[in-house]
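*Asks:* Submitted below is the structure of interest, expressed as C-alpha cells.
The values are calculated or read from the model by the stated rules, or taken from the named source; none is laboratory data. No experiment lies behind these values; they were computed from the predicted model shown. Cβ coordinates were reconstructed from backbone atoms using ideal geometry, including for glycine residues, and neighbour counts include every protein chain displayed. When the accessible area is computed, the model is the full protein with side chains, heavy atoms only, and any ligands, DNA or RNA have been set aside. Shrake-Rupley method; radii C 1.70, N 1.55, O 1.52, S 1.80 Å.
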Amino acid sequence: MTPDHPTAIVCDDDEAIRRMLAAVLGKEGLRVVTACDGAEAVEAYRRERPDVVLMDIRMPRMSGLEALSAIMGIDRKASVILMTAFAEVGTAVRAIKDGAFDYVIKPFDLDEIRVLVKRALDIRSMREENASLRRELSERLGSEAILTNCPQMVSLKQTVAKVARSQATVLVHGESGTGKELFASALHYWSPRAAGPFVKVNCAAIPETLLETEFFGCEKGAFTGATAQRRGRFEMAEHGTLFLDEIGEITPALQVKLLRVLQEREFERVGGSKPVKVDVRIVAATNRDLEAMVREGTFRQDLFFRLNVVSLRTLPLRERPEDVILLANHFLDRFCAENGVELRGFDPAALKCLSSYDWPGNVRELANAVERAVVMTTSNQILPEDLPDNVRRQRAGSSEVEPAPTTAGEDRPLRVQVGDFEAEVIRRALTRHQGNRARTAAGLGISRRALLYKLQEYGIS
C-alpha cells in the first residue's frame, strides 16, 4: 500500500457484486482485494492492512458483523463500510456504534459508494497526518510529560520557559521517572538554541573508562582501537544543548575536567594537546543529593556551584495525584496509536486503582503500566485485571468515591454498578469545579466532548 494507491477489501458472497465493486474502485485508483465471506475478509485484513473495507452483512460461514468484530479486534481504527438490505438498517446502525465507519443500502448507487470510500480514505489520511504532527510537535517542544493540573508543576513549567531564554547552566533534581530529561528537552527547544542539536549523555550507563572519550572525543592513536579522530558529545552539541543525566555518577578525575569546560569553554580530546573551543549550554540532572555528596567529599563543591546556577525540582507522582488520570489517558492514547488499537478508555474501577497507587517509579512506571494494559486487555476498555498486580493492590481507605451500597439480596448488573460509580465521580468533580465543564474535563483527564457525552448518558445536568 502507498499513499497514491490505497488498498480496499471488497467482501460479498455474490461474485457479480465483487467484480463490479472491484472495477469501480480500481478506476478510482485503489488496489482491490476480494473475499467471498467474513472469514476470508478477516484473513485478508491481517495480511493486507487495507485502508478501507466494503463488506456485506449477510454471508455464509462468517457474517459481516462477526467479521467486523474480528477486524476491530485487529485494528480499532479500521474503516469498515457495511452493505445491507433495507430490512437490516437497524442492525447496521448498531454496528456503527461498535466501530463500523458507515453503511450503504442495497441496491446501492455506485456514486454513493465512491463518496463513502473517498470520505473514509480522507478521514484515515487526516488521522494519520494529525498523529504525525502531534508526535513531531511533542518532540519539538519537549513537553510530552509536562502535562499537568498540579499548581507546583504549572509553576515549574513557567520557570522553565523563563530560564530557557537565558544561557544559564541548569541542574534538574528529582527522583527517577519524574521527567527530568523532558524538562531538559523543553529547556532546549524553548531556547534560542532550538535550531542546534540536543545531545544526551547518561553518565551512569557508560563505563567509567569510556566516559571521558564520550565527553571529549579522542585523537587517532590515543589508545588501542582509536584508528581515527573521534568527536565527543561536547563537540556534537556545538551551538546546542548538552544534557548530562545522572551527573552524580562521574568520577572525581572527570569532575575536574568538566569543571574546566564550564569555566573556560574549552577542552582537549583524549590523546590530544590542542584546546577545542565549544559553545554549548549545559543542563545536568540527578536523582542523588549532590549537596550531601559535597559534604561527604565525593562531589566537588566548585563543580556543584557551576552546575547549580539555576536549580529545578521535578515532583514525584505521589505529590501530584491530580495528574495521575491526566497522564494515564495521555499514555493510553499514545500506546493505542503505537499498537494500532482503539479502546474506550479506563473502566472506573481501573481508574480507582490508578488513583490509589503511590507510583514509586513515578511517570515512567505509570507509562509502563498503561502500555502493559493496552497490550494485555481483551476488552474494549482497560479493566483492573489488565493492570500490574502491585497497582491493583490499593491502599486501605484511599478511594475518594465508594459505589452506592446495595440492599441485602439485591443483585445489580456489573455495568449498572460501574455506570453509577462513574456518574458519581463526574458529579463530585462538577461540584469541585463549580459546574465548569472545561475544568471538570481537565481534572478527570478526558476531553470536553467526552464529558458532554457522559453527562448526556447519565442524565447529569
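*Asks:* At a probe size of 1.4 Å, how large is the accessible area of Glu322, to the nearest 10 Å²?
*Replies:* Surface accessible to solvent at Glu322 totals approximately 70 Å².
*Asks:* Then there's this: Tell me, what ³J(HN,Hα) does each residue in segment 87-92 have, in order and in whole Hz, if you take phi through Karplus 6.51 cos²θ - 1.76 cosθ + 1.60 with θ = phi - 60° and put x for Gly and Pro?
*Replies:* 5, 9, 4, x, 5, 5
*Asks:* Please compute the modelled spin-label separation between Glu319 and Arg165, points set 7 Å along Cα→Cβ, answer in nm with one decimal.
*Replies:* Output for this residue pair reads 2.7 nm.
*Asks:* Taking the chain as the reference, fit the longest principal axis to its C-alpha atoms, fit the long axis of helix 110-141 to the helix C-alpha atoms, and give the angle between the two in degrees, 0 to 90, nearest 10.
*Replies:* Roughly 20 degrees, rounded to the nearest 10.
*Asks:* Right, here's the next one. Hey, any idea what the orientation-averaged projected area of the convex hull of the chain's Cα atoms comes to, in nm²? Intermediate results must be reported in sequence, preceding the final value.
*Replies:* Values: hull surface 121.5 nm².
In nm², the orientation-averaged hull projection of the chain is 30.4.
*Asks:* May I ask you to evaluate 6.51 cos²θ - 1.76 cosθ + 1.60, the Karplus curve with θ = phi - 60°, for each residue of segment 48-57 and list the ³J(HN,Hα) values in order in whole Hz, giving x for glycine and proline?
*Replies:* 9, 6, x, 8, 7, 10, 10, 9, 6, 7
*Asks:* At 1.002 mPa s and 20 °C, plugging the Kirkwood radius over alpha-carbon pairs of segment 50-115 into Stokes-Einstein gives what diffusion coefficient in µm²/s? Walk me through the numbers on the way to the answer.
*Replies:* Working: Rh = 11.9 Å.
Approximately 180 µm²/s, per Stokes-Einstein.
*Asks:* Follow-up question, since we're still on this one. So if R0 is 35 Å, what FRET efficiency would Thr209 and Phe305 give, r being the distance between their Cβ atoms, rounded to the nearest 0.05? Don't skip to the answer; put the middle values down first.
*Replies:* Working: r = 28 Å, r/R0 = 0.80.
About 0.80, to the nearest 0.05.
*Asks:* Still on this structure: Where does the charge balance sit around Ala205 when Lys and Arg score +1, Asp and Glu -1, over other residues with C-beta under 14 Å from its C-beta?
*Replies:* Numbers: positive: Lys200, Arg233; negative: Glu181, Glu208, Glu214, Asp245, Glu246, Glu249.
After counting each charged neighbour, the total is -4.
*Asks:* Please work out the FRET efficiency for the pair Arg372 and Asp102, using the Cβ-Cβ distance as r and a Förster radius of 30 Å; give the result to the nearest 0.05.
*Replies:* Details: r = 34 Å, r/R0 = 1.13.
With R0 = 30 Å, the Cβ-Cβ based efficiency is 0.30.
*Asks:* Divide by every residue of the chain the summed helix terms, -39500 (n - 2.57) for each DSSP H run of at least 4, and state the resulting mean residue ellipticity at 222 nm, rounded to the nearest 500 deg cm²/dmol. Display every interim value, and only then the final one.
*Replies:* Numbers: 19 runs with 222 residues, N = 461.
For the chain, the value works out to -15000 deg cm²/dmol.
*Asks:* Amide H to amide H under 5 Å from Val32: which residues, 5+ apart in sequence or cross-chain, H placed 1.01 Å off N in plane?
*Replies:* Amide H to amide H, under 5 Å and 5 or more residues apart or across chains, Val32 pairs with Ala8.
*Asks:* So what is the relative contact order for the chain, in percent, with contacts set as C-alpha pairs under 8 Å and at least six apart?
*Replies:* Values: 719 pairs, mean separation 51.9, N = 461.
Relative contact order here is 11 percent.
*Asks:* Calculate I(q)/I(0) for segment 297-352 by the Debye formula, one identical point scatterer on each C-alpha and no solvent, and give its log10 at q = 0.29 Å⁻¹ to two decimals.
*Replies:* Each listed q maps to, in turn, -1.13.
*Asks:* Please compute the net charge surrounding Thr440, taking Lys and Arg as +1 and Asp and Glu as -1 over other residues with Cβ under 9 Å from its Cβ. Present the calculation step by step, with values, prior to reporting the outcome.
*Replies:* Values: positive: Arg432, Arg437, Arg439, Arg448; negative: none.
Overall, the nearby charge balance is +4.
*Asks:* Provide Rg and Dmax in Å for segment 210-295, with only Cα atoms included in the calculation.
*Replies:* For segment 210-295, the Cα radius of gyration and maximum Cα-Cα distance read 13.5, 42 Å.
*Asks:* Under a plain spin-label model, where a point goes 7 Å from the Cα along Cα-to-Cβ, how far apart in nm are Ala85 and Ala292?
*Replies:* Result: 7.7 nm between the two label points.
*Asks:* I need the chymotrypsin sites (Phe, Trp or Tyr not before Pro) found in segment 139-242, filtered to DSSP loop residues with at most 15 other beta carbons within 10 Å of theirs. Intermediate results must be reported in sequence, preceding the final value.
*Replies:* Numbers: sites: Phe183, Tyr189, Trp190, Phe198, Phe215, Phe216, Phe223, Phe234; in loops: Trp190, Phe223.
Answer in residue order: Phe223.
*Asks:* Write down the radius of gyration of segment 1-43 and its Dmax, each obtained from C-alpha positions, in Å.
*Replies:* That works out to 10.4, 29 Å for Rg and Dmax.
*Asks:* Can you figure out the FRET efficiency of Arg428 with Glu238, using R₀ = 60 Å and their beta-carbon distance, to the nearest 0.05? Could you put the intermediate results ahead of the total?
*Replies:* Values: r = 54 Å, r/R0 = 0.90.
Efficiency at R0 = 60 Å is approximately 0.65.
*Asks:* Work out how much length Arg364 to Ser176 would gain on full extension: take 0.36 nm times their residue separation and subtract the Cα-Cα distance, in nm to one decimal. Please list the in-between numbers first.
*Replies:* Working: separation 188, 0.36 × 188 = 67.68 nm, distance 0.81 nm.
Value of the extension gain: 66.9 nm.
*Asks:* On the full set of protein chains, 1.4 Å probe, figure out the accessible area of Leu327 and give it in Å² to the nearest 10.
*Replies:* 0
*Asks:* Of the listed pairs Lys157/Lys277; Lys157/Lys200; Lys77/Lys118; Lys200/Lys274; Lys200/Lys220, which have alpha-carbon separations greater than 27 Å here?
*Replies:* Values: Lys157/Lys277 32 Å; Lys157/Lys200 21 Å; Lys77/Lys118 16 Å; Lys200/Lys274 25 Å; Lys200/Lys220 24 Å.
Beyond 27 Å: Lys157/Lys277.
*Asks:* Right, another one. Rg over Rh of segment 304-389, using C-alpha atoms and the Kirkwood radius, what does it come to? All intermediate terms of the calculation are to be shown ahead of the outcome.
*Replies:* Details: Rg = 15.3 Å, Rh = 13.9 Å.
Rounded to two decimals, Rg/Rh equals 1.11.
*Asks:* Still on this model: Let me cross-check Asp37: its accessible surface, 1.4 Å probe, with only protein heavy atoms counted, in Å² to the nearest 10?
*Replies:* Answer for Asp37: close to 10 Å² accessible.
*Asks:* Sticking with this structure for a sec: Of His5, His188, His173, which has the most accessible area and how do the rest follow, probe 1.4 Å?
*Replies:* Details: His5 110, His188 0, His173 45 Å².
Output order, biggest surface exposure first: His5, His173, His188.
*Asks:* Check Gln381: other-chain or 5+ apart residues with amide H under 5 Å from its amide H, H built from backbone geometry?
*Replies:* Placed amide hydrogens put Arg344 under 5 Å from Gln381.
*Asks:* If amide hydrogens are placed 1.01 Å from N in the peptide plane, which non-local residues have theirs closer than 5 Å to the one on Val104?
*Replies:* Leu82, Met83, Thr84
*Asks:* Among bridges DSSP assigns within the chain, what percent are antiparallel (round to 5)? Please report the intermediate quantities before stating the final value.
*Replies:* Details: 4 of 40 bridges.
Rounded to the nearest five, the antiparallel share is 10 percent.
*Asks:* Still on this structure, please answer the following. Could you state the angle between the C-alpha long axis of helix 362-376 and the longest principal axis of the C-alpha atoms of the chain, as a value from 0 to 90 degrees rounded to the nearest 10?
*Replies:* 30
*Asks:* Leaving out same-chain residues fewer than 8 places away, which lysines sit with a Cα under 26 Å from that of Lys352?
*Replies:* Candidates past the 8-residue exclusion: Lys454.
*Asks:* Hey, rough spin-label estimate for Glu457 and Arg393, points 7 angstrom out along Cα→Cβ, what's it come to in nanometres?
*Replies:* Each label point is offset 7 Å from its Cα along the Cβ direction, giving 3.2 nm.
*Asks:* Suppose we look only past 20 Å in the calculated P(r) of segment 132-287. What percent of the Cα-Cα pairs does that tail hold? It would help to have the intermediate numbers written out before the result.
*Replies:* Values: 6273 of 12090 pairs.
Result for the distance tail: 52 percent.
*Asks:* What is the diffusion coefficient of segment 1-93 in µm²/s, taking the Kirkwood radius over Cα pairs and the Stokes-Einstein relation at 4 °C with a viscosity of 1.567 mPa s?
*Replies:* Details: Rh = 13.1 Å.
The Stokes-Einstein estimate is 99 µm²/s.
*Asks:* Hey, for a label at Gln152 modelled as a point 7 Å past Cα toward Cβ, could you say which residues of segment 298-317 have their backbone N under 20 Å away?
*Replies:* 310-317
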